[in-house]
Amino acid sequence: MRTDGWAGAARLARRAVAYEWGMWRSLARWLLRRPYRVAPGAETFGYAGVVQPILGVFIALSTIEIPVLDLILRHTVGWPAVRHVAIGLGVWGVLWMIGLLASLRIHPHVIDDTGLRIRNGVSLDVLIPWTAVDRVEARYRSLPSSRACQYDPDDPTVLNLGAGSQTAVDVVLREPLSVRLPKGPSRPVQEIRLYADNPRALVDRARTHIPAPDPTPPR
């Protein structure tokens, strides 16, 4: 039991470190305007628009809070070290939120000849090959929670990979498929739903890659 506990803690720590490093790297690339390259002919689709206003508010409020907190501590706490630590944590928090927004922007969904690549910052990267896709449809749906990965409470064969507690695209699969999630492989699912800022454009592009059904009737 103790060995399993340590192993689980180690895996969690590795995921946290990888997430933090990926987010700061995304921030650097975003500031330097160096997006990741995609394959020739591929097209990217953003999904950060639904959460950007909320993050923008938090970033603005946290930025205002830093000088206010400094002013309060300057007149209430006699130790400069406490004030410096508080300011440092405040600056780190603002940069962290900017880095989170950067990770969402610099890791868009991608459609190319291999399939549909669904992403959510540095934490989620799922590739659905076109041979596994039956059809793709645009439809807005609300989710019961804000988690990026969640199974539909009414249908466990549906996996929601949303943003801002929403999905906007339904990807119906030809047969049950298990995909790689941050905590491990998913259960086999028959449908995957995702969010995109422009779902209609994503659906139109995806449909150009979906193989046509075999017209030959079975014998």
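Here are the numbers for the structure shown:
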| item | result |
| --- | --- |
| Whole-Å semi-axes of the ellipsoid equivalent to segment 44-196 (Cα gyration tensor, √5λ, descending) | 41, 14, 13 |
| ³J(HN,Hα), Karplus 6.51/-1.76/1.60, whole Hz, each residue of segment 85-95, x for Gly, Pro | 5, 4, 5, x, 5, x, 5, 4, x, 5, 5 |
| Pairwise centroid distance, computed over Cα atoms, of segment 143-219 with segment 55-71, Å | 38 Å |
| Of the chymotrypsin sites (Phe, Trp or Tyr not before Pro) in segment 1-66, those whose Cβ has at most 16 other Cβ within 10 Å and which sit in DSSP loop | Tyr36 |
| At most 14 other Cβ within 10 Å, DSSP loop - trypsin sites (Lys or Arg not before Pro), segment 92-154 | Arg147 |
| Potential lengthening between Asp154 and Ala60 on full extension [0.36 nm per residue; Cα-Cα distance subtracted] | 30.0 nm |
| Computed label-point distance, nm, for sites Ile210 and Glu137 using a 7 Å Cα→Cβ extension | 1.0 nm |
| Histogram of C-alpha separations across segment 1-106, 5 Å bin width, % | 2, 10, 14, 15, 15, 13, 12, 10, 6, 2, 1, 0, 0 |
| Cα pair distances exceeding 19 angstrom across segment 111-207, given as percent | 33 percent |
| Crossing angle, helix 2-32 versus the chain [Cα axis fit, 0-90 degrees, rounded to tens] | 90 degrees |
| Calculated from backbone phi, Karplus (6.51, -1.76, 1.60) coupling profile of segment 184-196 in Hz, x at Gly/Pro | x, x, 6, 5, x, 10, 9, 8, 10, 10, 9, 10, 9 |
| Note, ³J(HN,Hα) from phi for segment 125-136, Karplus 6.51, -1.76, 1.60, rounded to Hz, x at Gly and Pro | 8, 10, 10, 10, x, 4, 5, 8, 9, 8, 7, 10 |
| Placed amide H near Val133: partners under 5 Å, 5+ positions off or other chain | Arg174 |
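FYI, it's all coordinate maths here, none of it is from the lab. Every value quoted in this text rests on a predicted model; they were computed, and no experiment measured them. Don't worry about glycine lacking a Cβ; one is built from the backbone with ideal geometry, like all the others, and counts go over all protein chains shown.
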